[in-house]
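Everything below concerns the one structure shown next.
The values are calculated or read from the model by the stated rules, or taken from the named source; none is laboratory data. On a predicted model such as this, the values are computed, not experimentally measured, just so you know. In this analysis, Cβ positions are derived from the backbone assuming ideal geometry, glycine residues included, and neighbour counts consider all displayed protein chains.
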Amino acid sequence: MYRAFLHLSFALLALSLAPAQAADREPGIAPREPYGIGLEGFPYPYPVNLLPLVNDGEQLRMAYMDIAPAQANGRVVVLLHGRNFPSSYWAPEIKVLSEAGYRVIVPDQIGFGKSSKPTGELHFDNLARNTVALLDHLQIAKADIVAHSMGGMVAVRIARAYPDRVNHLLLAAPIGLEDYRMYVPPTSTEKILENEDKLTADGYRKQLENNYAPKIPPDAITPFIEARFNIKGAADYMRWLRAFVSSGQMIYREPVVHEIPLITVPTLFIMGADDHNAPGRPNAPEALRPKMGQNADLAKALAAKMPRAKAEVIDNAGHLVFLDAPDKFNALMLPFLAN
């Protein structure tokens, strides 16, 4: 049922998206107007609000969706997105959680999606503080957090810095379960900018299909590709690109794995057995690459060190675990949050 809903949602979304400019679009797609770097023109499944913030002296705006429950249970869930996806990809889980009685808050972190793209560097401390500022703005004292990929690193920092604001922490295929500096040598921002600017929509599709979403139909990941590549025609595209590269440097320079065993709130890792995502692996020495990204094993080892944690592994699922195996994911998520 949920998989059918997922495929229909992405199919409808893909029809409304404007394809990328000629140099970067996939074969057979006609050019249309580019999105803005705040994803202007890219549809989200629910209304988007903007919260003014100041980070390092810069005036910014944090975008978020606030979805009322079908029948309130008095609980709030915050969904935190990954690096390569706009928060709109949470649409299937928003529906599940709303129908289960949760108010659902879905921010785009600063530097991502419909939020501002800062000129300064991104830092997990700022992203965590921004998320708590959003809860304050919405007068939410405590919430459950469900976080995917890079969002898991943000969630770890929130749970460590603000444990009294978190009821339950669910980490869905998080990255940051290892210190990537132990494998990957430092890479200059200029070099990463050059490499990212050369990436084409077709090349990005191959990355997603090979590393993130091998079990998701190709048309269902088209919106992710369009969200990234149809901004290349925007006048301030380089501002977006610098923010995107800064997020990669943040993941590398600000590991959270050493903090995870110190988390005291109830925590559930839900991992895809086939998730071997490891940021920076292509830049690691060849002999070290196979050691990276053993994410299910890393999650189980970390959970064993934590006072109130458990790791569940879903077979035949990858990095987009909640989209790969929605029924199994929801069967684990809902009882955990309700406990």
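So which residues in segment 247-262 are within 15 Å of the chain's Cα centre (by Cα) and among the hydroxyl-bearing types (Ser, Thr, Tyr), if there are any at all?
Passing the criteria: only Ser247.
Applying the criterion of being polar (S, T, N, Q) and surrounded by 13 or more Cβ atoms within 10 Å (Cβ to Cβ) to the residues of segment 19-69, the residue that is modelled with the lowest pLDDT is Gln21. The helices (runs of 4 or more DSSP H) found entirely in segment 211-311 that carry 1 or more residues being in contact with a His (Cβ under 9 Å, 6 or more places away or on another chain), modelled with pLDDT under 95 and among the hydrophobic types (A, V, I, L, M, F, W, C) are 218-229.
So that you can scan it fast, the table gives a plain yes or no per residue for (1) closer than 22 Å to Arg239 by Cβ; (2) touching a helix residue (DSSP H, G or I) at 6+ places or on another chain (Cβ under 8 Å):
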{"position": "Gly57", "(1), (2)": "yes, no"}
{"position": "Met62", "(1), (2)": "yes, yes"}
{"position": "Ala72", "(1), (2)": "no, no"}
{"position": "Gly101", "(1), (2)": "no, no"}
{"position": "Val104", "(1), (2)": "no, yes"}
{"position": "Phe112", "(1), (2)": "yes, yes"}
{"position": "Ser116", "(1), (2)": "yes, no"}
{"position": "Asn126", "(1), (2)": "yes, no"}
{"position": "Gln139", "(1), (2)": "no, no"}
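Checked against the criterion of being touching a residue at least 12 places away in the same chain (Cβ under 8 Å) and closer than 19 Å to Leu53 by Cα, the candidates Leu170, Leu177, Leu193, Leu127 yield just one match: Leu127.
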